[in-house]
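*Asks:* Below are the structure tokens for one structure; questions will follow.
The values are calculated or read from the model by the stated rules, or taken from the named source; none is laboratory data. Just so we're clear, the structure is a prediction, and the values are computed from it rather than from any experiment. In this analysis, Cβ positions are derived from the backbone assuming ideal geometry, glycine residues included, and neighbour counts consider all displayed protein chains. Protein only, heavy atoms only, side chains kept; ligands, DNA and RNA dropped before computing areas. Shrake-Rupley method; radii C 1.70, N 1.55, O 1.52, S 1.80 Å.
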Amino acid sequence: MGTETSSMDITEPLVVEKNSPSVSEHVPEWKEQITIRGLVVSAVLGCLFCIITHKLNLTVGVIPSLNVSAGLLGFFFVKSWTSFLSQLGIFTKPFTRQENTVIQTCVVACYGLAFSGGFGSSLIAMDERTYELIGPDYPGNRAKDIINPGLGWMIGFMFVVSFLGLFSLVPLRKVMVLDYKLTYPSGTATAMLINSFHTKTGAELAGNQVRKLGKYLGLSFFWSCFKWFFSGVGDSCGFDNFPSFGLTLFKNTFYFDFSTTYVGCGLICPHIVNCSVLLGAIISWGILWPFVSQHAGDWYPADLGSNDFKGLYGYKVFISIALILGDGIYNLVKIILITVREMYKASSKETSLPTVTEVLDDESSRLQLEEKKREEVFLKDRIPTWFALSGYVGLAAISIGTIPMIFPPLKWYLVLCSYILAPALAFCNSYGCGLTDWSLASTYGKIGLFIVAAAVGQNGGVIAGVASSAVMMSIVATAADLMQDFKTGYLTLSSAKSMFVSQLIGTGMGCIIAPLTFWMFWTAFDIGSPDGPYKAPYAVIFREMAILGVEGFSELPKHCLAMCGGFFAAAIVINLLRDLVPKKYSQYIPIPMAMAVPFYIGAYFAVDMFIGTVILFVWEKLNRRDAEDYAGAVASGLICGDGIWTIPSAVLSIMRIDPPICMYFGPSASS
């Protein structure tokens, strides 16, 4: 996917009851909610979050929900700026919750394209490095099916596909947010945070959170800088290759690499996600790969290179694909069924429930007035349906004419079919995200990939398949992000029109910033090298899926297909157990999608994330209130500090300035 994860399990009543906007609060007009300083902060944070997303996408593919971090950092930057100006005696316009929400929306729209644009998956699945990694002699892997990343065409591609998702569901915003009252946990949690920042009772906590974030951001940045001096030339030096548990386990990728990014992810992601990742690492690198290696010479030729798909490498890639597809398809079917059931329930309630007169106490009356105020603000600035429909049709027409010029095998009629189906799929993804907080954009992309690759066939099926997955992912992901931000705006008394306009601005920023920041990684680092830090695991997986769609399974190593079938079935069975057993037991059942990631990449990042979850677990036991208040700020600081260091690190790499020391670990010499 990567795998998007979220630690949010927050319901709307919590926001309604705590730190809610006052009924008498003045709400700025929608144009006043979008400010120059807000857009400047959004652009800065958009750059930072795109870098973080690219780094995670190109290393492990696990992307935690960063909505709350965007709201927190937006508050941090603007408050720091206004405080600085106030000390100089310069009057500044008050910083409102609505402006904070607009900044968060803009940032999420911007960095979302770093994931949904396919930079870590479909777009580089077409490049020459991925082609060579799979091997020129591998059936279906043709030299003709190569399109190397180019800054110009990537920016153009982003502009022609990224706005469609925003227009596809705008007419349904009232249905999704007000009629169905979907929770959108990450959006609701972000609203709770923003509301708490802008109330008198939450001011002290907000200040403490900002200080925690700044402290750990600085510590993370300087730690990353310190590590760089010992990382030498090549990929075997420094703290990133520290054999924490001994050299034997180090060879099987079990070690702590001192990455503040992954420790921060462990603090944000739910415990079950982190434990699932570690369990997947133990099953694969601790048990399965050593077992398969023992059959070298029987199941596959013993003299193959470490990256040959006809050897152990093939098992790693295809079993990962099987787990990912099993989990994705199960959840796709489940969410469609939930969507149909909930829509049926909603329609039944509207038609069959009797009218009941309810006597309200003072508190209930106040909450009802607050809800009425939110609905009035949300519905005040309408976005005309004709505008949304004409925008979608116009953008689709431009896209249908442009995309075949960028990807010739993806014919115009295939793009047209995608855009006819896209609104329905975007609705399913947005509705499911509102219920579960899981965006299944990459699952829709993979299904489209298989269908288009098989339809086009050997003459261009690989390029057409991976390109179609990028198109579909972008539409369904941006639609879900927009609805989530509408929910945040609804709960913070922000105008729906300001939300939509800030999404448009953020998407426009992302169309430029996401390719530029990716280009920085592409030119500075060896992207796609299986022995380097930026393995780009999903590039190989997406290209292999397209080849499978065209060629079938005939070239897999011995017993690989049987193992794939077993893990595909296991993913479905595990998900069934998670849904059927009582909650008190199901919370301990692992998540197959999270388990799949280390099968291909290695166990080191699973160790980092597990350390993060252990820190959070102990923190919760010692002081649960403190952990709830500050874990997100600490995690954001750790992730952002390491992300900021990526910029000077890339500049040093581009200038060919190497670290001065190589810290290396080896066995002690025998006496």
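*Asks:* For segment 79-109, which residues satisfy the criterion of being in contact with an Asp or Glu (Cβ under 9 Å, 6 or more places away or on another chain) and within 17 Å of Cys640 (Cα to Cα)?
*Replies:* Result: Gln104, Val108.
*Asks:* Looking at Ile447, is it aliphatic (A, V, I, L, M), open to solvent by 10 Å² or more (accessible area, probe 1.4 Å) and within 30 Å of Ile591 (Cα to Cα)?
*Replies:* In short, yes.
*Asks:* Does segment 108-120 contain at least one residue that is open to solvent by less than 10 Å² (accessible area, probe 1.4 Å), within 29 Å of Gly460 (Cα to Cα) and among the hydroxyl-bearing types (Ser, Thr, Tyr)?
*Replies:* Within segment 108-120, one or more residues are open to solvent by less than 10 Å² (accessible area, probe 1.4 Å), within 29 Å of Gly460 (Cα to Cα) and among the hydroxyl-bearing types (Ser, Thr, Tyr).
*Asks:* Looking at Tyr138 and the list (1) surrounded by fewer than 24 Cβ atoms within 10 Å (Cβ to Cβ); (2) hydroxyl-bearing (Ser, Thr, Tyr); (3) touching a Gly at 6+ places or on another chain (Cβ under 9 Å), which single condition is not satisfied?
*Replies:* Unmet for Tyr138, out of (1) surrounded by fewer than 24 Cβ atoms within 10 Å (Cβ to Cβ); (2) hydroxyl-bearing (Ser, Thr, Tyr); (3) touching a Gly at 6+ places or on another chain (Cβ under 9 Å): (3).
*Asks:* Output yes when any residue across segment 89-104 is within 30 Å of Val597 (Cβ to Cβ) and either modelled with pLDDT under 90 or buried (at least 24 other Cβ atoms within 10 Å of the Cβ) (or both), and no when none is.
*Replies:* Yes, the conditions are met somewhere in segment 89-104.
*Asks:* With the checklist (1) of a type outside the set (Val, Ile, Thr); (2) crowded, with 16+ Cβ neighbours inside 10 Å; (3) at pLDDT 90 or above in hand, flag the one item Leu151 doesn't pass.
*Replies:* Of everything listed in (1) of a type outside the set (Val, Ile, Thr); (2) crowded, with 16+ Cβ neighbours inside 10 Å; (3) at pLDDT 90 or above, Leu151 misses just condition (2).
*Asks:* How many residues are aliphatic (A, V, I, L, M) and over 28 Å from the mean Cα position of the chain (by Cα) when one looks only at segment 126-149?
*Replies:* 1
*Asks:* For residues in segment 236-269 being among the aliphatic types (A, V, I, L, M) and in contact with a Leu (Cβ under 7 Å, 6 or more places away or on another chain), which is modelled with the lowest pLDDT?
*Replies:* Ranking the candidates gives Leu267 first.
*Asks:* Would you mind finding the one in Ile451, Ile403 that is in contact with a Leu (Cβ under 9 Å, 6 or more places away or on another chain) and closer than 25 Å to Ala539 by Cα?
*Replies:* Answer to the check: Ile403.
*Asks:* Check Val471, Val462, Val415 and return the single one that is open to solvent by less than 10 Å² (accessible area, probe 1.4 Å), modelled with pLDDT of 90 or more and within 19 Å of the chain's Cα centre (by Cα).
*Replies:* The conditions single out Val471.
*Asks:* Every residue in segment 191-235 that is modelled with pLDDT under 80 and surrounded by fewer than 14 Cβ atoms within 10 Å (Cβ to Cβ), please.
*Replies:* Lys200, Thr201, Ala203, Glu204, Gly207, Val233, Gly234
*Asks:* Looking only at segment 640-665, how many residues end up being under 20 Å from Thr517 (Cβ atoms) and out of contact with any Asp or Glu (no Cβ under 9 Å at 6 or more places or on another chain)?
*Replies:* Qualifying residue count for the region: 15.
*Asks:* Name the helices (runs of 4 or more DSSP H) wholly inside segment 584-661 in which the number of residues that are exposed (fewer than 13 other Cβ atoms within 10 Å of the Cβ) and touching a residue at least 60 places away in the same chain (Cβ under 8 Å) is 2 or more.
*Replies:* 624-654
*Asks:* From Ser276, Ser244, Ser236, Ser284, grab the single residue that is under 30 Å from Asp629 (Cα atoms) and touching a residue at least 40 places away in the same chain (Cβ under 8 Å).
*Replies:* Ser276
*Asks:* Go through segment 117-199 and tell me which helices (runs of 4 or more DSSP H), entirely inside it, have 1 or more residues that are under 30 Å from Ala536 (Cα atoms) and out of contact with any Asp or Glu (no Cβ under 9 Å at 6 or more places or on another chain).
*Replies:* 122-125, 128-134, 151-161, 164-168
*Asks:* Suppose we filter Ile282, Ile319 for residues that are β-branched (Val, Ile, Thr), modelled with pLDDT of 85 or more and open to solvent by 40 Å² or more (accessible area, probe 1.4 Å); which single one remains?
*Replies:* Only one candidate passes the filter, namely Ile282.
*Asks:* Those residues that are acidic (Asp, Glu) and either crowded, with 18+ Cβ neighbours inside 10 Å or in contact (Cβ under 8 Å) with a residue 12 or more places away in the chain (or both), I need them from segment 516-571; list them, please.
*Replies:* Within segment 516-571, Asp531, Glu544, Glu551, Glu555 qualify.
*Asks:* Please go through segment 520-569 and give me each residue that is among the aromatic types (Phe, Trp, Tyr), in a helix (DSSP H, G or I) and either more than 20 Å from the chain's Cα centre (by Cα) or over 23 Å from Ser259 (Cα atoms) (or both), ordered by number.
*Replies:* Phe542, Phe567, Phe568
*Asks:* For residues in segment 60-88 being open to solvent by 10 Å² or more (accessible area, probe 1.4 Å) and in a loop (DSSP other than H, G, I, E, B), which is farthest from Leu213 (Cα to Cα)?
*Replies:* Ranking the qualifying residues of segment 60-88, first place goes to Leu88.
*Asks:* Look at Gly246 and say whether it is open to solvent by 20 Å² or more (accessible area, probe 1.4 Å), small (Gly, Ala, Ser) and within 30 Å of Leu73 (Cα to Cα).
*Replies:* no
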